[in-house]
1. Among the hydroxyl-bearing types (Ser, Thr, Tyr), touching a residue at least 24 places away in the same chain (Cβ under 8 Å) and more than 21 Å from residue 254 (Cα to Cα) - does that describe any residue in region 385-401?
2. Just need a number here: residues in region 225-234 that are surrounded by 14 or more Cβ atoms within 10 Å (Cβ to Cβ) and assigned to a helix (DSSP H, G or I).
3. If the requirement is being over 17 Å from residue 230 (Cα atoms), surrounded by fewer than 19 Cβ atoms within 10 Å (Cβ to Cβ) and more than 19 Å from the chain's Cα centre (by Cα), which of these qualifies: 365, 326?
4. Go through region 45-60 and count every residue that is open to solvent by 20 Å² or more (accessible area, probe 1.4 Å) and under 30 Å from the mean Cα position of the chain (by Cα).
5. Quick check on my filter: what residues within region 64-92 are farther than 12 Å from residue 1 by Cα and at pLDDT 85 or above?
6. Do any residues in region 419-434 that are closer than 14 Å to residue 280 by Cβ have Cβ atoms under 6 Å from those of residues that are open to solvent by 60 Å² or more (accessible area, probe 1.4 Å), where the two are at least six apart or on different chains, and which pairs are they?
7. With the requirement that a residue be in contact with a Leu (Cβ under 7 Å, 6 or more places away or on another chain) and in a loop (DSSP other than H, G, I, E, B), what does region 326-358 give you?
8. Can you pull out every residue in region 207-224 that is surrounded by 13 or more Cβ atoms within 10 Å (Cβ to Cβ) and either of a type outside the set (Gly, Ala, Ser) or more than 28 Å from the chain's Cα centre (by Cα) (or both)?
Amino acid sequence: MAEITMPRLSDTMTEGVIASWLKKEGDPVKKGDVLAEIETDKATMELEVYENGVLEKILVQAGQTVPIGQVVAIVGAAGSTKASSAPAAVATPVPVTAAVGASALAVAAVATSAPVATIAQSGERVKASPLARRLAIEYQVDLQTIAGSGPGGRVVRDDVEAYKASGNGTVAVAAPVVVAAPAPVVAHPPIMAPATPPVAPTSAPVTEGDVEIINLSMMQQTVARRLTESKQTVPHFYVSTEVDMTEAVKLREQLNSKLKEGQVKISFNDLVVKACGIALEQMPEVNTFYKDGKFLRNKHVNIGVAVDVPNGLVVPVLRDCNQKGVRTLAKEAKALFEKARNGKLRPEDYQGGTFSVSNLGMFNVTHFQAVINPPESAILAVGAIQEKAVVINHEIVIRSRMSLTLSADHRVLYGATIARFLGLLQSLLENPFDLLG
């Protein structure tokens, strides 16, 4: 007999929510099968079994929150219907959609009463990410008809979106087929214990009077708590400057006009990240954080970059930005951003940041102030590049200008320090060939 417990999936996790069960009691399970989806404070994870056996008992129903270490299910040896002394099955989390940082939001759990379009006619479950399955339900698309582009033919979000955009949807999805016990159930929606009524997903909206009440997911609760703690416990102050990006615009055009096979286009954000990497190396006091009355200086320059994803924001981390070239950072950033948008980030992709960059320039935002993501001591807010009339050598000329605003922890950093740091960033970006050394 194996006791499957709620695993600890992040350094800040103290409890988890069973978003849905993908197997029911009595189902045989084999190595690689996904038992359930777990919603944590940072991600929605798959609980995967690594040995063959039978799911004998589900102890925690979908929608319930339990602390780490609590037993959520019992798996017995193959062929058994009750506890045995067979080798223990091991549940291993595999992240399927992740979000972290000051603005991360979670994807809502699937309602247990909704039809699930993930079962092939042969009775085998179609390989698909949880987000892809949710979109298939929302769009009423049959996953059997979609070719997966993920590992091992796994259907991912982009596959469902592309299928729907092609005009092949909407495909009606048949309701799950229920077969009386002891015959197997053909469909596999998240199944409750027989006497337990369906549990609504944690983020299901409820109408009450003139308002619609939307319950927060565990991740949203964590984000709300961390943002509140950040503003209440970290003394923020803000310093802004404006950078002349005219030469950076020319350099980017020049670099992107000479792309070789395997190279990716360099974005303005890549230039900003590289400039921050160099500046943090030269001014390590900005790469420091406060803890228990002490300053802890980071040995690595790991920069988190905010990425817009459906229903939220994630902050994957680019590591050792001071040591890597702009093209390498651009390639790594593109790969991380694709993983983020496809819900494939792993914990190591979004942990360990020492400084963050939030760029809203693509939304034509000219200036904003970002909230620090503890334990980091600073976050850089980047605005849009705009053509402006400025005075240079007593003449009015048109230049490409961009605003930078640094939010800083006043326990660690002071106004003059941040002014020097922004001045260094300004010098690097206005002389962008220095970024290529």
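The values are calculated or read from the model by the stated rules, or taken from the named source; none is laboratory data. Because the structure is predicted, anything quoted here is derived from the model rather than measured. Backbone-built Cβ (ideal geometry, glycine too); neighbour counts: all protein chains shown. Ligands, DNA and RNA are excluded from the accessible area calculation, which covers all protein heavy atoms including side chains. Shrake-Rupley method; radii C 1.70, N 1.55, O 1.52, S 1.80 Å.
1. At the first step, the residues of region 385-401 found to be among the hydroxyl-bearing types (Ser, Thr, Tyr) are 400.
This time we only want the ones that are touching a residue at least 24 places away in the same chain (Cβ under 8 Å), so: 400.
Remaining after also requiring more than 21 Å from residue 254 (Cα to Cα): none.
Scanning region 385-401, I find no residue that is among the hydroxyl-bearing types (Ser, Thr, Tyr), touching a residue at least 24 places away in the same chain (Cβ under 8 Å) and more than 21 Å from residue 254 (Cα to Cα), so the answer is no.
2. Within region 225-234, the first condition is being surrounded by 14 or more Cβ atoms within 10 Å (Cβ to Cβ), and the residues that meet it are 226-227, 230, 234.
Retained after the next criterion (residues that are assigned to a helix (DSSP H, G or I)): 226-227, 230.
Number satisfying all stated conditions: 3.
3. Values: 326 fails: surrounded by fewer than 19 Cβ atoms within 10 Å (Cβ to Cβ).
On inspection, the qualifying residue turns out to be 365.
4. Here the count works out to 4.
5. Hits for region 64-92 are 64, 65, 66, 67, 68, 69, 70, 71, 72.
6. Every condition considered, the pairs that remain are 428/434.
7. Hit for region 326-358 is 343, nothing else.
8. First pass over region 207-224, keeping only residues surrounded by 13 or more Cβ atoms within 10 Å (Cβ to Cβ): 214-223.
214, 215, 216, 218, 219, 220, 221, 222, 223 - these are the residues of region 207-224 that are surrounded by 13 or more Cβ atoms within 10 Å (Cβ to Cβ) and either of a type outside the set (Gly, Ala, Ser) or more than 28 Å from the chain's Cα centre (by Cα) (or both).
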